[in-house]
Amino acid sequence: MSPWKLCLFSTKPYDKTFFEQANNAYGFNISFFDCELNQKTVVLAKSFDVVCVFVNDNVDAPILEQLKAQGVKALALRCAGYNNVDLNAAKRLGIKVVRVPEYSPEAVAEHTVGLMLTLSRKFHKAYNRVKEDNFALNGLLGFNLHKKTVGIIGTGKIGQATSKILQGFGCTVLAYDPFPQNKLENEHFKYVELDSLIVQADIISLHCPLTQDTQHLINDKAISMMKNNVMLINTSRGGLIDTKAAIQALKSKKIGYLGLDVYEQESNLFFEDLSNEIIDDDIFQRLLTFPNVLITGHQGFFTQEALTAIATTTLENIKCLNENNACPNQLEI
Ligand code: NAD
């Protein structure tokens with residue numbers, strides 16, 4: 001069986017480095033395209049068996065139809081989330097879809113806790129002050145994580161890894177998940193209803209996928225139930241938070257700290273150097289004006305360990321499909 005040809009869209013230099021390294025064990029013929037996959041670029045996938053995409057490539061039905069017409073057999077997501085793929089269309093067209101369900105939950109969990117600590121201890125401000133020989137502490141007053149109540153929404157791999165770290169800090173961890181894994185309870189956290197979590201938590205951290213049910217899970221109503229001065233952290237998907245509602249809550253001081261690694265409209269911004277551009281997104285720009293908002297550009301996954309695992313699992317997934325073997329990471333609907 002001849003090895004499949006694959007192409008990566010939205011390739012960054014680090015993707016190329018880690019995929020080339022992992023491919024030493026597989027020997028696939030790989031082409032790397034910098035551009036994202038869209039109606040204009042889909043033609044580049046002609047003559048490839050597999051198309052590999054990332055979080056912000058929009059793989060909707062028209063794109064899938066064109067991929068199919070060009071002979072593409074499989075779509076390999078080099079990420080865990082798949083909200084950007086029309087799985088019904090893929091199934092109808094017979095395009096197999098594989099993903100990397102787990103690469104390093106600890107990478108995202110550690111980033112999550114990093115956002116919490118940076119906001120609670122104001123590291124970002126302290127760093128800049130000390131660089132300017134300003135050693136005054138006024139305005140840097142923080143709070144302990146110890147004995148705070150943290151609400152984890154979504155107790156999958158990343159939610160669990162985050163809970164474990166927070167237990168080490170001496171936090172009380174409450175969790176909500178519509179599919180609770182009761183064996184985990186007591187060990188790392190206590191399951192409660194969503195409303196109860198929202199009402200009790202000093203810090204709320206989102207770790208559920210973006211679906212029709214979770215779109216704007218954090219909206220005006222949810223925010224109104226939160227404690228005053230609550231800390232809200234989202235390292236999951238931007239669409240979980242109604243950003244306009246969050247801005248209102250920052251203005252009214254209901255939200256005291258907001259840490260985001262993801263943003264609703266991030267596909268227009270993230271992963272690019274726009275430092276010499278005019279950013280035409282007034283909502284994002286407003287977020288940046290708040291002193292208590294910390295934003296990172298979807299870098300939770302960005303560790304050496306995670307990138308190695310992403311490249312290896314993606315190539316292993318493709319090998320499975322190429323050899324007509326059952327792939328445990330194939331998405332079925
Ligand atoms: P996972 O599939 O292991 O866990 C997701 C959990 O969310 C599951 O337990 C599921 O039951 C639960 N869930 C589903 N609907 C829910 C709802 N309405 N309310 C609460 N919980 C709900 O996924 P994971 O590996 O832990 O990843 C979580 C999310 O993190 C992913 O969906 C992805 O969007 C995001 N992510 C972000 C980065 C990053 O770099 N920032 C990296 C990887 C993943």
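The values are calculated or read from the model by the stated rules, or taken from the named source; none is laboratory data. If you're wondering where the values come from, they're calculated on a predicted model, not measured in any experiment. Counting neighbours? That spans all protein chains shown, and the Cβs are built from the backbone with ideal geometry, glycine included. Accessible surface areas use protein heavy atoms only, side chains included; no ligands, DNA or RNA. Shrake-Rupley method; radii C 1.70, N 1.55, O 1.52, S 1.80 Å.
Things worth noting here:
- Looking only at residues of the stretch 212-228 that are assigned to a loop (DSSP other than H, G, I, E, B) and within 12 Å of the ligand (Cβ to nearest atom), we find that the one that is surrounded by the most Cβ atoms within 10 Å (Cβ to Cβ) is Leu217.
- Residues that are open to solvent by 60 Å² or more (accessible area, probe 1.4 Å), farther than 17 Å from Glu106 by Cα and either more than 8 Å from the ligand (Cβ to nearest atom) or of a type in the set (D, E, K, R) (or both) within the stretch 153-179 comprise just one, Thr172.
- Qualifying positions in the stretch 180-189 - farther than 20 Å from Asn144 by Cα and either open to solvent by less than 70 Å² (accessible area, probe 1.4 Å) or within 15 Å of the ligand (Cβ to nearest atom) (or both): Pro180, Gln181, Asn182, Lys183, Leu184, Glu185
- Subset of the stretch 191-211 that is assigned to a loop (DSSP other than H, G, I, E, B) and within 10 Å of the ligand (Cβ to nearest atom) - its residue that is farthest from Tyr82 (Cα to Cα): His207
- The stretch 229-267 - residue that is of a type in the set (Asp, Glu) and farther than 20 Å from Lys122 by Cβ and, of those, most open to solvent (accessible area, probe 1.4 Å): Glu264
- Positions within the stretch 1-48 being crowded, with 17+ Cβ neighbours inside 10 Å and closer than 19 Å to Glu65 by Cα, in sequence order: Leu6, Cys7, Leu8, Phe9, Glu36, Leu37, Val42, Ala45, Phe48
- Given (1) more than 15 Å from the ligand (Cβ to nearest atom); (2) touching a Phe, Trp or Tyr at 6+ places or on another chain (Cβ under 8 Å); (3) closer than 25 Å to Gln212 by Cβ, index of the condition Ala80 fails: (1)
- Remark: Ser275 falls outside the filter, which requires a residue to be assigned to a helix (DSSP H, G or I) and among the small types (Gly, Ala, Ser).
- Selection count, the stretch 27-40, where residues are part of a loop (DSSP other than H, G, I, E, B) and either touching a Ser or Thr at 6+ places or on another chain (Cβ under 9 Å) or acidic (Asp, Glu) (or both): 5
- Among the candidates Gly139, Gly151, the residue that is part of a loop (DSSP other than H, G, I, E, B) and at pLDDT 95 or above is uniquely Gly139.
- If only residues of the stretch 131-152 that are touching a Gly at 6+ places or on another chain (Cβ under 8 Å) and away from the ligand (no atom under 16 Å from the Cβ) are counted, the one that is most open to solvent (accessible area, probe 1.4 Å) is Lys147.
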